[in-house]
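Read the structure below first, then the notes.
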Amino acid sequence: MKSRLSATDAFFVAYQETSGVLMQLGVEVELKGHITRSDLEEVLEHIVRRWPPLGQRLRTRLFGLSWEGECRTKEMLTVTERRETLAEWRNRPLNPFVEPPLQLLWLVEGGRNLFAFRAHHAVVDGEGFFAVCVEGIHALAKKVQPQMNANERRSDPRSSAFIRGCPPKRPLKLRDALKTVQQMRRETRANRSAKLAMQSCTPGNTSILERKLDMAEFRELQQQANELGIPAGWLCASAWMKAIHAWNVSRAMDSTPLISLEVPVSLRRRRDTRVRTGNWISPLTLYGDASQSLEDLAQDLKQQLSRAVRQKSHLALPMISSPAKFLPWPVFRRLAASPELTGFATSHFVWFEQAQTLHDDVVRLSGGALQLVGQQIYPPVCLHMGAALSVLAWPEHAQLFLTYRLTALSAAGAQTLLDLMVQELGQTYMSRQQVAV
């Protein structure tokens, strides 16, 4: 079975090769319970049966790239008892030409098991990868306790992306797509928005910081968003922009308060019953004046994105770049290295909303044999950004994940940057509490 890569898929291969920055996505979950190697091998077999490219390797064709060959599941699993292996795992380059683009590290510590999934961005985007990992966790829980009826075996691993821009009834006109892409090129050259103040803009290892919004904090965030008539994710995006500006000012950087964020727009339809591999996400860049109030900034961001989706701007780049998938790989690789194609936003922001509680699913599907006790996610960090923020929103709490490059920020600096974001959210929370009193 062969699967040709789209131009967007191939771009992530080219960007990693030319920049030295890893284009890898990560989901890590910690489970408590008894699990065997054969259980995991069967789960991986299940995953690649459903999504074959996850177990294949890249091949260079006369025109473009494709996933080809047998699924090499034996090469997808690594087992260790050393905790320090985890950081090495996150930062080891994944070469899709010589190994499967989905990998799993199993860290065994007593009765706890840490499963670190990672995938090359060329084979799946963040939304799809999260769904793949959820499906794998469901399959593992069912494997541990398989005695259940047919209804319990069916699961929907999909999560909600930050915004969904379904393909319109009327396609985008080529003329309008060209105008949109030209506007993007002008924005790249203008370089209007601030850059994150960092130590150096060079490739290097990444690390992850996490902060949790507990039930009271998250409910307050949701209530505030409901009163404003916007999704809660926009308040988090605004807080991230204001934190970046505050960070730049604290570093005596002569920085404009104009901050830009690259946010993903899903091209999948809500009624899709099968999650597909490949990249079905189109990025849009939003601008905001970080000197505004959190609420005004959030409203502005929402309006920008709603307007862009209405105008089908998110469809322009996939449409214009589509023919490039037929270019010979050396030519495509050289063109993809252009600064105009590698993004220009200050940072990257993504909001994942998990509608159903995965923790309860694991207990139910395993008959109580397994418990999900922790999880982390991380995206790639583009060279010029230095840091990216991801929010994993559960029904009753949220997790903030700051992924940063060690050459860009120190551990203390990254901690300060995340503190600034939480403070931005907390200031609004405190002011509302004072009004209530």
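A few remarks follow.
- The phi-based Karplus calculation (6.51 cos²θ - 1.76 cosθ + 1.60; θ = phi - 60°) puts the 3J(HN,Hα) values of the range 356-364 at 9, 7, 4, 4, 5, 4, 4, 5, 5 Hz, whole numbers, x for Gly and Pro.
- Ordering of 370-377, 383-390 by packing [mean C-beta count within 10 Å, highest first]: 383-390, 370-377
- Note on LEU335 and ASP296: the extension gain reaches 10.1 nm, defined as 0.36 nm multiplied by sequence separation minus the Cα-Cα distance.
- At R0 = 22 Å, FRET efficiency that the Cβ-Cβ distance of GLU227 and GLN303 yields, to 0.05: 0.85
- Across the range 3-153, Cα pairs under 8 Å and at least six residues apart give a relative contact order of 32 percent.
- Projected-area mean, the range 223-354, by convex hull of Cα positions, square nanometres: 10.8 nm²
- Residues THR36, THR346, THR206, arranged from fewest to most other Cβ atoms within 10 angstrom of their Cβ, appear as THR36, THR206, THR346.
- Under 5 Å, built H, 5+ apart or other chain: amide partners of ALA398: LEU213
- Zone of THR357's modelled label, taken as backbone nitrogen in the range 189-224 under 17 Å from a point 7 Å along Cα→Cβ: 213-219
- Taken about its Cα centre, the range 3-153 carries a charge dipole of about 180 debye when Lys and Arg each add +1 at the Cβ and Asp and Glu each add -1 at the Cβ.
- Pairwise FRET efficiency - GLU84 versus LYS32, Cβ, R0 = 22 Å, nearest 0.05: 0.55
- For GLN199, residues with placed amide H under 5 Å, excluding near neighbours: LEU409
- Multiplying the residue separation of MET215 and GLU41 by 0.36 nm and removing their Cα-Cα distance gives an extension gain of 59.0 nm.
- Under 5 Å between amide hydrogens, built in the peptide plane, is the criterion, and for LEU65 it picks out LEU5 among residues at least 5 positions away or on other chains.
- Here the Karplus curve 6.51 cos²θ - 1.76 cosθ + 1.60, taken at θ = phi - 60°, turns the phi angles of the range 74-89 into couplings of 5, 8, 8, 10, 10, 10, 8, 10, 9, 4, 5, 5, 4, 5, 4, 4 Hz, with x standing for Gly and Pro.
- Projected label points at ARG92 and ALA252, each 7 Å from Cα along the beta carbon direction, are separated by 4.3 nanometres.
- Working ranking of peptides 281-292, 83-94 by packing, defined as the average number of other Cβ atoms within 10 Å per residue, highest first, is 281-292, 83-94.
- Whole-Hz Karplus values for the range 195-204 come out as 9, 5, 5, 9, 5, 7, 9, 9, x, x Hz, taken residue by residue from phi with 6.51 cos²θ - 1.76 cosθ + 1.60 and θ = phi - 60°; glycine and proline positions read x.
Coordinate-derived values only; no laboratory data. The structure displayed is predicted, hence computed values, not measured ones. Counting neighbours? That spans all protein chains shown, and the Cβs are built from the backbone with ideal geometry, glycine included.
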